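What follows is a short report on a single structure.
Read-outs throughout are calculated quantities, based only on the coordinates presented, and are distinct from any laboratory measurement. From a predicted model like this one, the values you see are computed outputs, not experimental measurements. Note: ideal-geometry Cβ built from the backbone for every residue, glycine included; neighbour counts use all protein chains shown.
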């Protein structure tokens, strides 16, 4: 049985606030790869199952030729997220 209380990316790497991740973001009818810093890690109960969720702050580094309109924080599912670099903010909490 796996550890309880740890959210991981699709490769099994643990995700914590301050980590740099890459995720798929939709823009209109297209999908782009976007980098973001994890702000909060939590789970939500949806349809009787716990779903891992991340609150992320986009960095502005992303694929595609159309510029992102807003740099606001977003809630995303951790289902299609990949860890790029751990602890890029160097917060000692």
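Residue 49 meets each of the listed conditions (1) in contact (Cβ under 8 Å) with a residue 60 or more places away in the chain; (2) at negative phi apart from (1).
Restricting attention to the stretch 11-48, the residues being out of contact with any helix residue (DSSP H, G or I) (no Cβ under 9 Å at 6 or more places or on another chain) and not in a strand (DSSP E or B) number 11.
Of the numbered criteria (1) touching a strand residue (DSSP E or B) at 6+ places or on another chain (Cβ under 7 Å); (2) farther than 23 Å from residue 90 by Cβ, the one residue 17 fails is (2).
Scanning the stretch 49-76 for residues that are closer than 22 Å to residue 89 by Cα and part of a loop (DSSP other than H, G, I, E, B) returns 70, 71, 72, 73.
Here 61, 8 are screened, and the one residue that is in contact with a helix residue (DSSP H, G or I) (Cβ under 8 Å, 6 or more places away or on another chain), farther than 13 Å from residue 76 by Cβ, surrounded by fewer than 18 Cβ atoms within 10 Å (Cβ to Cβ) and in contact (Cβ under 8 Å) with a residue 24 or more places away in the chain is 8.
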